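The values are calculated or read from the model by the stated rules, or taken from the named source; none is laboratory data. Computed from a prediction, not measured in an experiment: that's the story for all the values here. With ideal geometry, Cβ positions are generated from the backbone for all residues, glycine too; neighbour counts draw on all protein chains shown. Note: accessible area is taken over every heavy atom of the protein model, side chains too, but ligands, DNA and RNA are not part of it. Shrake-Rupley method; radii C 1.70, N 1.55, O 1.52, S 1.80 Å.
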Amino acid sequence: MKQFNVPIIYRSPLITAIKTRRRQEDKLKKDLSPTLLDFGPVQIYLARHFGFCYGVENAIEIAFRTVEENPGRRIFLLSEMIHNPQVNEDLLNRGVQFLQDTSGKQLVAFEELNSDDIAIIPAFGTTLEIEAKLNDRGIATEKYNTTCPFVEKVWNRSEQIAKSNYTIVIHGKPRHEETRATFSHAASKTASVIVNDMNEAIILSEYITGKRPAAGFYSAFKGQYSEGFDPATHLQRIGVVNQTTQLASETQAISDFLKQTMIDHYNLSEENIEERFADTRDTLCYATNDNQSAMIGLLQTPADLAIVVGGYNSSNTTHLVELCEEKLPSFFISDEDKLLSYTEILHYDRIAKKEIKTHYYLPHRQPVKILLSSGASCPDAVVENVIRKIVSFYPDAKTNPLNY
Ligand code: SF4
């Protein structure tokens with residue numbers, strides 16, 4: 001895969017050495033067992049895959065290069081470039097400004113922009129409406145477009161489905177930048193609707209079968225359907241695409257469920273299902289698949305706790321946390337500063353949507369076994385800092401944790 005010029009501050013010599021070695025030993029990425037960092041009293045098991053993905057490295061390279069090459073020009077990011085607080089903070093410190101926050105709230109009016117300004121489109125891509133507004137201000141959007149090719153792949157898949165006259169069902173978080181962008185592209189081609197989770201897929205199925213009166217559709221899916229959507233006609237032929245960072249198991253379950261709904265309602269079989277349901281495979285990206293598979297591999301190791309590092313608004317990181325929480329005490333932290341001491345940790349509660357403090361998160365017995373991973377937008381340097389902070393709580397720890 002292409003190598004990107006990512007600022008050295010985000011790299012970690014320790015983790016680069018581990019990743020390089022694992023890649024050389026397992027070129028086909030078949031071995032999902034973790035790497036053991038044995039510090040003696042504390043043993044850290046690092047997931048086989050974690051950290052910066054292709055799209056994030058590409059976006060970071062373009063953003064930092066843009067800042068370097070354009071002194072004196074105003075540079076705007078449409079919103080957070082990736083969902084990582086350190087990277088966004090670094091860009092803000094270099095004078096970059098955000099046009100919107102992650103929920104789409106306008107921070108700088110489009111009217112304030114002029115043709116000398118630069119607007120960087122983030123890795124999630126953006127909506128056609130925002131692109132048009134930038135073009136209206138005389139800002140060319142192609143040159144500083146960091147949309148990930150794996151997001152564009154979803155848009156292309158949507159276009160193919162649309163050409164065959166299917167309605168597009170997008171499984172994604174309705175307010176996430178990527179889902180908003182995918183919805184905008186899909187809706188420009190055909191009727192489209194977003195389902196957030198299995199619960200909403202079940203509700204949608206009841207409009208497909210007529211169990212619910214069509215009139216209720218508009219409040220049930222408020223803000224999640226394309227203009228002119230008619231549930232009586234637009235739910236007769238559907239295809240499903242996903243936000244690239246969804247939980248693989250949930251994505252599969254939703255797709256299977258909607259397919260079965262069509263089979264049952266229209267009395268179809270596997271042979272003629274394509275009459276009503278587009279033959280889609282999920283549109284999760286490689287990084288989501290690799291990181292979630294590696295997490296499942298990591299969770300085979302008996303351990304005392306798990307730590308997942310990443311931005312709290314990062315979808316792919318949140319799904320890694322969800323997988324961990326099914327198995328063992330799990331702590332979602334943004335960086336090493338959240339490890340307050342040997343006895344206290346500040347961590348994000350994804351249900352309550354706030355940081356909480358937990359006491360005595362590290363058990364007294366030794367060795368303590370910790371599973372560790374990070375999201376696709378988290379710099380390896382932050383993961384190394386987390387490792388070093390944990391080890392600092394054990395004065396007797398060995399300095400060389402690798403047995404090679
Ligand atoms: S998580 Fe996947 S889709 Fe998103 S930027 Fe990374 S590679 Fe691209």
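A few points about this structure:
- Apolar share of the accessible surface for the chain: 49 percent from carbon plus sulfur atoms, 1.4 Å probe.
- Taking the longest Cα principal axis of the chain as reference, the axis of helix 198-208 is set at about 10 degrees.
- Among beta bridges identified by DSSP and lying wholly in region 1-154, the antiparallel ones come to about 45 percent.
- Ranked by the mean number of other Cβ atoms within 10 Å of their residues, highest first, the peptides 45-53, 168-176 fall in the order 45-53, 168-176.
- For the chain, the spread of Cα positions along each principal axis, largest first, Å: 69, 56, 40
- Computed packing ranks the peptides 384-391, 78-85 as 78-85, 384-391, most packed first, by mean other Cβ atoms within 10 Å.
- Mean Cβ count within 10 Å, highest first, over the residues of peptides 271-281, 392-402: 271-281, 392-402
- Take region 248-404 with all the other protein chains still there, run a 1.4 Å probe, and you get 46 Å² of accessible area per residue.
- Using alpha-carbon coordinates, inclination of helix 315-325 to the longest axis of the chain, degrees: 60 degrees
- In this structure, the residue pairs whose Cα-Cα separation is over 25 Å, taken from 27/259; 163/259; 369/398; 153/211; 173/357, are 27/259; 153/211; 173/357.
- Remark: the chain carries a charge dipole of roughly 600 debye about the Cα centre, counting +1 on each Lys and Arg Cβ and -1 on each Asp and Glu Cβ.
- Beta-bridge orientation, the chain: approximately 30 percent antiparallel, per DSSP, counting only bridges with both partners inside.
- Accessible surface, per residue, of region 1-75 when the full set of protein chains is kept, probe 1.4 Å, Å²: 52 Å²
- Helix 380-392 and the long axis of the chain differ in direction by around 40°, with both axes built from C-alpha atoms.
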